[in-house]
Structure formats: structure tokens, C-alpha cells
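Here is the structure we will look at, set down as C-alpha cells.
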Amino acid sequence: MRGEHYNMIDYDKIALEYVQHRQVHPEVLKSLFLTSGIGTISKVLEVGCGTGNYIVALESLTGCSCWGIDPSEQMLSKARKRSERISFQLGKAEKLDFPQNFFDFVFSADVIHHVSNIMNYFQEAYRVLKRGRKLCTVTDSEWIIRNRQPLAVYFPETVEADLRRYPSIPKLKDYMKQVGFDTITEIIVEFTYQLTDAQPYRDKAFSSLHIIPEKAFQRGIKHMKQDLNIEPIKCVSRYMLLWGTK
């Protein structure tokens, strides 16, 4: 069942690690800003906002009216400390507590694999969007999962674990078409950087590290620390952005 791994992870307990280590992907933010067409008078919803990285950044860029929902109260408490202008609410993707035709833009970032009923979410997103407005799902394709650097290199067990829980891009596009979205497009963005500290990985600030065997995790951390003692690790962070229009 989609979302079963989400239920295995207590996000209230790891909210601190997320706020310390998880950051906005600059190319994802750029695409969200430029492609969504939002501005000062827009209403924007982030589904599964976590500690608020993306919705806070979009509000700062545009001055738009923003909402964020998440099922973790601890994640939301961290988000609320970052912005008093954004309305952060407890909630789930499958039932959006907002009026019909309310938002100019709805998006989720690295969340869709946690959603237990994806069709219900897309139906709800379609309902709350205004006609002609856009939905964006930021996620990982099979190719991205298999080629993550450094995650797939040091923790190869995460590949099969995430292939089981991430919905395929064709399946997501099919769901969107069934709901009524059109002009469905996909784009891959990437950002290169150098890793100098293994702490985000030691703290398991990436959900897939919580669902692999502990021996595999410790083996990967040991290997990563050994390589970091020699030189920084070259990394590439990629995401697939799936767009649809109501």
C-alpha cells in the first residue's frame, strides 16, 4: 500500500533533523517560481510542507498568500517559527480543507511517495485549484533514484527500497489525466555541490535511511566518513517536476 513506509517513520521525532539539514533545492525553487506564474495576489498551497522550506521561500520571493499543510505537528511547529505570514495547518493530502477553486498554485515537494491514496490527492488538488492554474509534483523518477549521488553510492539498499515506495512517472501522469489535468509536462532539474560533512546522513535526515537495515546504514556511514577524510564528495541532486494544468 502506498504510504506504508510513511507510517513506519515518526516524523514528529525527526523534525529537528529536517529543519537542521534539509534545504531548498535552488533549481526546484527557480522552476516553481518561474513556471507557476504566481505573483503578489496569488494564493499558493504546499501539500506536505514539512518544516516550510519551499513555501517560505516562495512567499519571500513573491509576497503571495500562502498555506502549508502537513500531518506532523512537530514539522509544522518548526515551520511556524520561520514565518508568521504563512498559514500552517495540520492536514493530509487526501482531504484538503479548502473551498473549491481557491488556489492559483498547488504543489508538493518530495512528498508524493508518502501519500496513501494518490488519486484522492489529485482529485482534491484539482478541486481546490482555479481553472487554468497549475499543479506541480516534485518527485524522483526511477532513473534519478538509481543515480543519486551520494545516496545510492553509499547506501545502495535505498534504491530498491525507494523504487517500491515511489510511484512511477507514467503512473502519476495517468492519475493526473484521469482527474482532468491537461498540458502535462515533465522536467528534470539538477544541482551539483560538494559534501564535506556526513552529519546529515548520520542524523538520517533523508527518509529512505530509516527503512534500510541498520547494518547497511552503518556500513554506508563508515564508507562515507572514510572518503570524506580524503576529500569532499562530489554530489548531484536531481528532481523530476511534473506539471499539470486544470
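The values are calculated or read from the model by the stated rules, or taken from the named source; none is laboratory data. Predicted model only: the values in this text are computed from it and were never measured. Virtual Cβ from ideal backbone geometry, glycine too; neighbours counted across all protein chains shown.
Just need a number here: residues in the range 224-239 that are within 18 Å of Thr158 (Cα to Cα) and surrounded by 15 or more Cβ atoms within 10 Å (Cβ to Cβ). Matching residues across the range 224-239 total 5.
Taking the range 83-103 as the range and being surrounded by 18 or more Cβ atoms within 10 Å (Cβ to Cβ) and either charged (D, E, K, R) or more than 21 Å from Leu58 (Cα to Cα) (or both) as the test, only Lys92 passes. Starting from residues that are in contact with an Asp or Glu (Cβ under 6 Å, 6 or more places away or on another chain) and not acidic (Asp, Glu), keep the ones in the range 195-211 and report whichever is modelled with the highest pLDDT. Among residues in the range 195-211 that are in contact with an Asp or Glu (Cβ under 6 Å, 6 or more places away or on another chain) and not acidic (Asp, Glu), the one modelled with the highest pLDDT is Ser208.
Quick one: is Gln226 of a type in the set (S, T, N, Q), assigned to a helix (DSSP H, G or I), over 17 Å from the mean Cα position of the chain (by Cα) and over 23 Å from Ser141 (Cβ atoms)? Criteria met by Gln226. Look at Ile112 and say whether it is surrounded by 16 or more Cβ atoms within 10 Å (Cβ to Cβ) and within 17 Å of the chain's Cα centre (by Cα). Answer is yes for this residue. When the criteria are applied in full, Leu34 fails the requirement of being under 19 Å from Val128 (Cβ atoms), among the hydrophobic types (A, V, I, L, M, F, W, C) and modelled with pLDDT of 95 or more. Scanning the range 176-211 for residues that are assigned to a helix (DSSP H, G or I), closer than 21 Å to Lys222 by Cα and either in contact (Cβ under 8 Å) with a residue 60 or more places away in the chain or not hydroxyl-bearing (Ser, Thr, Tyr) (or both) yields a total of 6. Of everything listed in (1) surrounded by 15 or more Cβ atoms within 10 Å (Cβ to Cβ); (2) at pLDDT 95 or above; (3) not polar (S, T, N, Q), the single unmet condition for Glu160 is (1). Annotation: Arg148 fulfils all but one of (1) more than 18 Å from the chain's Cα centre (by Cα); (2) surrounded by 21 or more Cβ atoms within 10 Å (Cβ to Cβ); the unmet one is (1).
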